[in-house]
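Following: one structure in structure tokens, then a few remarks.
The values are calculated or read from the model by the stated rules, or taken from the named source; none is laboratory data. All figures in this text were calculated on a predicted structure; none of them were measured in a lab. Positions of Cβ are backbone-derived with ideal geometry, glycine not excepted, and every protein chain shown enters the neighbour counts. Just so you know, the surface numbers come from the protein's heavy atoms only, side chains and all, with ligands and any DNA or RNA stripped out. Shrake-Rupley method; radii C 1.70, N 1.55, O 1.52, S 1.80 Å.
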Amino acid sequence: MYKLIAKLQKTNMATLSNPTFQVDTLTGMPSDYRVWGTVTVGLTPFENSLIQMGYPLYLQSNIWADDTSSIALAEGPSPSDYRNNTDDLIFAYFANQPITGPGTYTVSAIIPRRVLDEDNYWSGERDEAYNTFYLESRSHPFPSDINYVWTHSPTVTGIAGT
């Protein structure tokens, strides 16, 4: 029986799909942005049953500066490119959003505009960023592979400007 469950866990596992990332200037708050993203979580029946038995699964999300896209590479290195044209973590939502079942989940925050101005002032509105979503389990009954389920949204360009 254990071998059958282990085989099912490896062939069928949670999925993350349809990731989005939005940035919106807040009216009356010119120094802040509202950022949010959505992702669709798909779970296997086994994972659903673990959640219902009280073993939590969490959705985490971060915003990354896209320094490796074709647009970013064509513009050259950014002034705040910390590690040789690799994508830089610029904001963590600290969502720890519990997954209660399959469905579409949203993360959001209000953050200072300067947080997304990763390229600083050199090139004006050239900032590129995306949301990364990943699942995290802190319970032993979940297959360890669940911690490697991730996806990221399409890149949003020209965010912060000057």
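Computed 3J(HN,Hα) for region 25-34, one whole-Hz value per residue from the Karplus formula 6.51 cos²θ - 1.76 cosθ + 1.60 where θ = phi - 60°, is 6, 7, 5, x, 9, x, 8, 10, 10, 9, glycine and proline marked x. For the peptides 22-30, 52-60, the ranking by mean Cβ contacts within 10 Å, running from highest to lowest, is 52-60, 22-30.
Using a probe of 1.4 Å, the accessible surface attributed to I90 totals some 40 Å² when neighbouring protein chains are kept in position. In this structure, the amide hydrogen of I99, modeled 1.01 Å from its nitrogen in the peptide plane, lies closer than 5 angstrom to those of L57, Y58, L59, counting only residues at least 5 positions away or on a different chain.
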